[in-house]
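Computed from the coordinates by the stated procedures, all read-outs in this text should not be read as laboratory data. What you are looking at is a predicted structure, and each value in this text was computed from that prediction instead of being measured. For neighbour counting, all protein chains shown are included, and Cβ atoms are generated from backbone atoms with ideal geometry for every residue, glycine included.
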Amino acid sequence: MNMNERAMSARTNVEKREIFIRDNEQTILKFASAACGKYITRSDDEWSVALLAFNKAIDTYSADKGDFAPYSKVVIKRALIDHYRSEKKFAAEIPVSHEALSGAGDSEENADVLKAVSRDSTQASRQADRSSSLKDEILEVNERLKKYGFSFRDLKDNSPKAEKTKRECAGAITYILDNKDVLDAVIADGRIPIKEITGATGVNKKLLDRYRRYIIMAVVILNGEYPLLADYLQYVRKEGSG
């Protein structure tokens, strides 16, 4: 049984979960150390945070999220970032430039979270911290989109601009997210049931076809653990609840 299968099995079985966690203690420490930029041991506070995050990864993991190891690494890193922010009482985060979504800008490895939180809470350090987390989310989502035959770069000129178009796309996205069978089908093969969505929402067939990739991208982000990317799609839920 591979790691993905063991994680799925551990989600519903306490004994298997305990064994799975015990077998992966070194992996958890490795991921925590990478996120913090220093060597983490079981005696550190970061170990408890990482352990809880690994448990959360087990609870939230599904096959459509890719392999479990990189998924749990992202969950652990986010938990540690939140932990440091809480300790240092960070102020509200500064919005990241839109260039990050296209993969442009700095190509350095992940920012050193430990250094960021030990320095003064300057705008620059908060920006670097958020940018690093956002890049992780972009890379993870991009890998998932490639399975459907496109990437973020393909969406540069294929995203809705007009408010009316955005509202119609939001209606289609919300319908998919709120209907499990449709959602599972879209996640599985990257195809949109255009006829069904048109009948249920009244969204134009040509619009659905034109913005198919954008809609799939939004569904992947809003259905997953990508809080920073989801910030850029807040209008979807606002439209859906309006």
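List the trypsin sites (Lys or Arg not before Pro) within segment 172-242 that fall in a DSSP loop (any state other than H, G, I, E or B) and whose Cβ has at most 15 other Cβ atoms within 10 Å.
Details: sites: Lys180, Arg191, Lys195, Lys205, Lys206, Arg210, Arg212, Arg213, Arg237, Lys238; in loops: Arg191.
Passing sites in segment 172-242 are Arg191.
A DSSP coil position with no more than 15 other Cβ atoms inside 10 Å describes the following chymotrypsin sites (Phe, Trp or Tyr not before Pro) in segment 1-52: Tyr39.
Sorted ascending by nearby beta carbons within 10 Å, beginning with the fewest, Met217, Met1, Met8 become Met1, Met8, Met217. Three principal axis extents describe the C-alpha atoms of segment 16-84; from largest down they are 31, 23, 15 Å. Extending 7 Å from the Cα toward the beta-carbon at both Asp184 and Ile19 defines two label points whose distance is 2.8 nm.
Counting other Cβ atoms within 10 Å as a rough exposure proxy, the listed residues Glu25, Glu5 run Glu5, Glu25 from fewest neighbours to most.
Taking a straight Cα-Cα cut-off under 23 Å and skipping sequence neighbours fewer than 8 places away in the same chain, the lysines within cross-link reach of Lys30 are Lys16, Lys38, Lys56, Lys65, Lys73, Lys77, Lys115, Lys135. Please work out the Cα center distance from segment 146-173 to segment 10-71, rounded to the nearest Å. Spelled out, the Cα-based centre of one part sits 34 Å from the other.
Going by neighbour counts of Cβ atoms within 10 Å, the residues Asp44, Asp184 line up, fewest first, as Asp184, Asp44.
For segment 213-226, the Karplus equation 6.51 cos²θ - 1.76 cosθ + 1.60, evaluated at θ = phi - 60°, returns couplings of 5, 5, 5, 4, 4, 5, 5, 4, 5, 6, 8, x, 9, 10 Hz by residue, with Gly and Pro reported as x. Can you pull out the trypsin sites (Lys or Arg not before Pro) in segment 1-59 that DSSP calls coil and that have at most 13 other Cβ atoms within 10 Å? Within segment 1-59, the qualifying trypsin sites (Lys or Arg not before Pro) (loop, at most 13 other Cβ atoms within 10 Å) are Arg42.
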